[in-house]
Amino acid sequence: MPYLYINKDNITEQIAKQLVDICPFGSISTEGNKIVIDSGCRMCRICVTKGPPGVIEYVEEPEQKTIDKSEWKGISVYVDHCAGHIHNVTYEIIGKARELATVCDAPVYALIMGCNIKFAAEKLLHYNVDKVFVYDYPDLSNFKIDLYTNVFEDFILKVKPSSIMVGATNLGRTLAPRIAARFRTGLTADCTRLEVRENTDLVQIRPAFGGNIMAQIITPRHRPQFCTVRYKIFSARTPSTTPAGDIVSMNINPKRLKSVYEILKIEEKPKEMDISEAEVIVAIGRGLKSKADLAMINELAELLNAQIACTRPLIECGWFEAKHQIGLSGRTAKPKLIITAGISGSVQFAAGMQGADCIISINCDPSASIFDIAHYGICGDMYDVVPQLIQLIREGRENGL
Amino acid sequence: MKILVCIKQVPGTSNVQVDPVTGVLIRNGMECKLNPYDLYALEMAFELIDKYGGGVDVISMGPQQAKDAVYEALWMGAGRGSVISDRRFSGADVLATSYTLSQGIAKMGKYDLIICGKQTTDGDTAQVGAEIAEFMKIPHAGNVSAVTDISDSKVTFAANLDDSVITERIPLPCLLCADSNINTPRLPSYRRKQKLGSDMVSLITLDDFSDKDEKNYGLIGSPTNVERIFPPEKHQEKKMFSGSSHELSDKLYGLLRELKFI
């Protein structure tokens, strides 16, 4: 078990203070002339790498189980679909999988389970996959977690893919952790960037620690490696006109298709506004002082034919419904234009919109991190800029522009 | 009905930056709060025992300071609370965290229903609930918006899928992850706070678990490793405008016209 060794002889009062200050989680404290690391420690090892040298050491015992990575080959994509209608996130992930597969010379697989889904499997052959594995059973016609997990397990045991990518839909977010836990392997949620190494290690990058930082995560000693990716993070490729690749029909022991889930009713949700699909978005954040001030934002959105989105704090204070939220805990959007007003730009928010073609940001703080991702930064008070912009657009309209 | 709710203490703000020169995390203040998504899970539990009788317990994992979050839940109406805290759990990823919680839950007792929040505001992974259920070998459901019936050792609930709402029935014991904004969470009661005192939360450590093998916990029990952390990339070709608000709105208007959005 790796642990942090404290070199007591090297500790002076000043060094102790330095260490207390350097720990981002406040887990180092002093007790008399001793320093103590408490259970808040996340083993980020900043005290080792950035602290005074030779005081805290990271001790790793070499005995760690390893697996034979050559036994696990291929990048698999879970096909998210409803009665054979494939969710677009699947095509986006297949595009990424193909890109990664060229680096480590691996095949790209698609896994689809359901009932009467042959047509969907055939459609996938236009998206540059090597094999589509199909489990077609009446019992799989609706999503039942236990059955889908069993089928997924069957697939992994038979095919042994090195990496598995799942779309972060509600269904994918329920299924992926269940199957990752069954294999006691790693799962990285909502990756915003993916790379692969020649040894097939998947390099997963996502915002982390609830802060304005990104983490690069690997799963060095386990296979398969699981990650989820949200809709609108990667881009789908255009389908080819001629199909390529093979459809592999898979069988599973019928005993494994007995479910404890009874589905009583499935109701289609009424189609509602979805900011993931919006072409133009006006997004508002904590710079908004009161709910009444939303009027000007609404007006601007109306003039630009835009959808309105917001950051998490505005959901928490109840000014918006959750479906308007952009960010890691809300939706991901990839519009042609997003105008952000009064948004400082946490990585959680940025992760949900930095794929936009054009980002225009209004903020009065020139050092706000939103300007790090904006294409155009307007350093000013939205309470002045927005009403004047509205007036200009109105005047322009009146003059026939 | 015995219900257990899993809660987490999260940083009060997301104000963490990386020093671009040294690569060191700078966290301003260490204020903490109860994860807002857990409030809906707690409220769901309280409403269920209001209707079906029974009690709600809470469990959390984290530094000992996480007791504060557990107390908040006790003041809202929970009966018993525990914090799983041990340095040997440091550096746990989703898998190790879920396994640790499943061990801690077993230590707490037997429950009919375990309820988790949708996700936390610091990890934002929304995966721990499902993994706990897998380790406990019980059924689970995500994005649960309402529990409509509990009878004959089965629970009926509605869950949000992406394009539909599904109503399902599964046997108890099971685990449900509550969706957000599904109810109005109650506030902690001042009276309960006065009545309960401050020694109500027990501590669970690795020594209390049935699986005491250190290799299954913390950093070593975590399949994923954080290789490095870094500040988000900056956009290279950006144009910054400053000046009076009139100049700015003129610029912005011109820009929107140029880009053909007006």
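Is one or more of the residues making up the range A:50-60 basic (Lys, Arg), assigned to a loop (DSSP other than H, G, I, E, B), surrounded by 12 or more Cβ atoms within 10 Å (Cβ to Cβ) and free of Cβ contacts under 8 Å to residues at least 40 places away in the same chain? Looking through the range A:50-60, at least one residue is basic (Lys, Arg), assigned to a loop (DSSP other than H, G, I, E, B), surrounded by 12 or more Cβ atoms within 10 Å (Cβ to Cβ) and free of Cβ contacts under 8 Å to residues at least 40 places away in the same chain.
Of all the numbered requirements in (1) under 18 Å from the mean Cα position of the chain (by Cα); (2) of a type in the set (S, T, N, Q); (3) within 7 Å of chain A (Cβ to nearest Cβ), B:Thr167 misses one, and that requirement is (1). On the basis of being farther than 29 Å from B:Ile220 by Cα, in a strand (DSSP E or B), at pLDDT 85 or above and assigned by TED's automatic domain parsing to the domain that holds A:Glu195, does A:Val132 make the cut? So A:Val132 passes the test. Of all the residues in the range B:224-240, those that are under 16 Å from A:Ile373 (Cβ atoms) and within 7 Å of chain A (Cβ to nearest Cβ) number 8.
Could you give me the residue pairs with C-beta distances under 6 Å whose first residue belongs to the range A:107-126 and is closer than 23 Å to A:Asn150 by Cα, whose second residue is of a type in the set (Phe, Trp, Tyr) wherever it lies, and which are 6+ apart or on separate chains? Here the result reads A:Leu111/A:Tyr78; A:Leu111/A:Phe133; A:Leu111/A:Phe155; A:Met113/A:Tyr135, each pair linking the range A:107-126 to a residue that is of a type in the set (Phe, Trp, Tyr). Any chance you could count how many residues in the range A:275-286 are in a loop (DSSP other than H, G, I, E, B) and more than 10 Å from chain B (Cβ to nearest Cβ)? Qualifying residue count for the region: 3.
Checked against (1) of a type in the set (S, T, N, Q); (2) touching a strand residue (DSSP E or B) at 6+ places or on another chain (Cβ under 6 Å); (3) within 11 Å of chain B (Cβ to nearest Cβ), A:Ser344 passes all but condition (2). Filtering the range B:173-190 to residues that are in a loop (DSSP other than H, G, I, E, B) and within 11 Å of another protein chain (Cβ to nearest Cβ) leaves B:Asp179, B:Ser180, B:Asn181, B:Ile182, B:Thr184. What number of residues within the range A:215-231 satisfy the criterion of being of a type in the set (A, V, I, L, M) and within 20 Å of A:Glu71 (Cβ to Cβ)? Of the residues in the range A:215-231, 1 are of a type in the set (A, V, I, L, M) and within 20 Å of A:Glu71 (Cβ to Cβ).
The test for being surrounded by fewer than 17 Cβ atoms within 10 Å (Cβ to Cβ) and touching a strand residue (DSSP E or B) at 6+ places or on another chain (Cβ under 6 Å) holds for A:Glu268. Of all residues in the range A:1-39, those being out of contact with any Phe, Trp or Tyr (no Cβ under 9 Å at 6 or more places or on another chain) and either more than 14 Å from chain B (Cβ to nearest Cβ) or aromatic (Phe, Trp, Tyr) (or both) number 16.
For every residue, the table says whether it meets (1) hydrophobic (A, V, I, L, M, F, W, C); (2) surrounded by fewer than 22 Cβ atoms within 10 Å (Cβ to Cβ).
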position	(1), (2)
A:Tyr109	no, no
A:Leu124	yes, no
A:Asp130	no, yes
A:Asp136	no, yes
A:Asn142	no, yes
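The values are calculated or read from the model by the stated rules, or taken from the named source; none is laboratory data. This structure is a prediction, so every number in the text was calculated from the model and none was measured. Positions of Cβ are generated from backbone atoms using ideal geometry, with glycine treated the same way; all protein chains shown enter the neighbour counts.
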